[in-house]
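The values are calculated or read from the model by the stated rules, or taken from the named source; none is laboratory data. The structure presented is a predicted model; accordingly, all values stated were derived computationally and were not measured. Backbone-built Cβ (ideal geometry, glycine too); neighbour counts: all protein chains shown. Each accessible area value is taken on the protein alone, full model and side chains, heavy atoms only, with ligands, DNA and RNA left out. Shrake-Rupley method; radii C 1.70, N 1.55, O 1.52, S 1.80 Å.
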Amino acid sequence: MKYGSVLAVFTTATTSLPSLLAAQTADPGDLPTGDDADFDLEIVDVEVELIDGSTVPMYAFAHTGQPPSIPGPILRVKQGDTVRIDIRNSSTRPHGFQIVGQTNAATTGIAPSEGDGDDKVRIEFVATKPGTYFYVDGDNAPINRVLGLHGALIVEPTNGYADGAARKKPMPYPAGSATANMKSLFTAFGEATINGKTARFPGKPWRAGREYVWIFNQIDPVLCRRVAAGENPSASEFQEQFHPRYFTINGLCGMDAAHDKATCPSGHVGEPALIRSMNAGLATHSPHIHGNHVFVLTQSNANGVPVYQQDLYEHDVWLMPPMMIKDVLLPFTIPPDLPPAPWRMVQEKYPLQYPMHCHNEISQTSAGGSYPMGLMTDWEIEGPLATS
């Protein structure tokens, strides 16, 4: 279904794998804000415990004072910020680093550190178009990325309001470059009636921070162990021999992901949530959410830059090929098959819980485990429309 239309044709889009070192052109309106955003990242070798209790060698990013994680920590900046990232390589192998889709945000061949000295590499750039971006190890692509060296950079707008000067309806994109339909959608949230008719989204407007990051990946433990043992397969050999046995969302599988509060969207009716979905792996996914359809707001182009969508379609599934990024909006509307007021829900009471799983069927298992132990999670409507 298309926002603002009665009927629309569902379409599927694909993208090619971006060149991780391609220079990007900045938006002419992306002027420095004078603010700084500083981060320290460390690349380390790790042993990852999987959902079946087995372990596999991988790489991971760690932020200063925090344990390593796959995916790496979320980096959040404002459009126009001067961003400085210091990278230290504590792995046994050389690595690189790049923000895909940002100009002057890449470095290669970071040698392993030789002690506790100040042997770090710095990248510095001005954050451009608001949206969701990958940071990855661009060296030895796609091997180092798939083996754990990936994460999300989120660029927030300096003026993210759908209704411009009124500054009442927030949205995570700048009013000056968001499409008319994007602004119309976010303006509609929190309206009881529109043109005398009952509005679809009478709950609360979207609010900053009501968002989730879903990073998909796949793990081939055989190739992980071969690389850790010293083998150096070429990119083509790695992709030809890649047989994923574990399918993760935010590094978790199955029940682990379904019970992870940072992964599972939750809220009341009328509290829309933004989901920044990203595919760091080599397999294509088709996420499917039960209970609600989602609006696809942005889609990354071949260079990793978010493209704001002119036409907002409601999707039952959305296609996620490798290195694709899509921001989608989960409306948190009452599913249409539930009885309306004044009928009490007898069989289904709050909280209402629904799954998200992938329609690429193989991704629902891990290492031959039972469905659903792969790429899946839950989302939850905690209660009815909040009017206070």
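Residues in segment 329-341: is at least one in a strand (DSSP E or B), of a type outside the set (Val, Ile, Thr) and either open to solvent by 30 Å² or more (accessible area, probe 1.4 Å) or modelled with pLDDT of 95 or more (or both)? Looking through segment 329-341, at least one residue is in a strand (DSSP E or B), of a type outside the set (Val, Ile, Thr) and either open to solvent by 30 Å² or more (accessible area, probe 1.4 Å) or modelled with pLDDT of 95 or more (or both). Residues in segment 238-254 that are more than 21 Å from Pro68 (Cβ to Cβ) and polar (S, T, N, Q) were compared, and the one that is most open to solvent (accessible area, probe 1.4 Å) is Gln239. Ile70 falls short on exactly one of the conditions (1) open to solvent by 30 Å² or more (accessible area, probe 1.4 Å); (2) closer than 30 Å to His315 by Cα; (3) at pLDDT below 90, and that condition is (3). Within segment 350-379, restricting attention to residues that are part of a strand (DSSP E or B) and over 19 Å from the mean Cα position of the chain (by Cα), the residue that is surrounded by the most Cβ atoms within 10 Å (Cβ to Cβ) is Leu352. Against the condition farther than 21 Å from Gly251 by Cα, open to solvent by less than 40 Å² (accessible area, probe 1.4 Å) and part of a strand (DSSP E or B), how does Ile85 come out, does it pass? The answer is yes for Ile85. Among the residues of segment 255-286, the ones that are over 21 Å from Asn360 (Cβ atoms), of a type in the set (A, V, I, L, M, F, W, C) and surrounded by 17 or more Cβ atoms within 10 Å (Cβ to Cβ) come to 3 in all. Of everything listed in (1) modelled with pLDDT of 95 or more; (2) buried (at least 20 other Cβ atoms within 10 Å of the Cβ); (3) under 18 Å from Asn104 (Cα atoms), the single unmet condition for Pro18 is (1). Of the residues Ala229, Ala208, Ala199, which single one is of a type in the set (Gly, Ala, Ser) and in contact (Cβ under 8 Å) with a residue 12 or more places away in the chain? That would be Ala208, the only listed residue that is of a type in the set (Gly, Ala, Ser) and in contact (Cβ under 8 Å) with a residue 12 or more places away in the chain. Selection of helices (runs of 4 or more DSSP H) fully inside segment 217-298 by the criterion of at least 2 residues being within 30 Å of Gly203 (Cβ to Cβ) returns 254-258. For segment 227-239, the criterion of being within 25 Å of the chain's Cα centre (by Cα), aliphatic (A, V, I, L, M) and within 30 Å of Ala258 (Cβ to Cβ) is satisfied by no residue at all.
Looking at Gln310 and the list (1) touching a helix residue (DSSP H, G or I) at 6+ places or on another chain (Cβ under 9 Å); (2) under 21 Å from Ser363 (Cα atoms); (3) open to solvent by 10 Å² or more (accessible area, probe 1.4 Å), which single condition is not satisfied? Answer for Gln310: the failing condition is (2).
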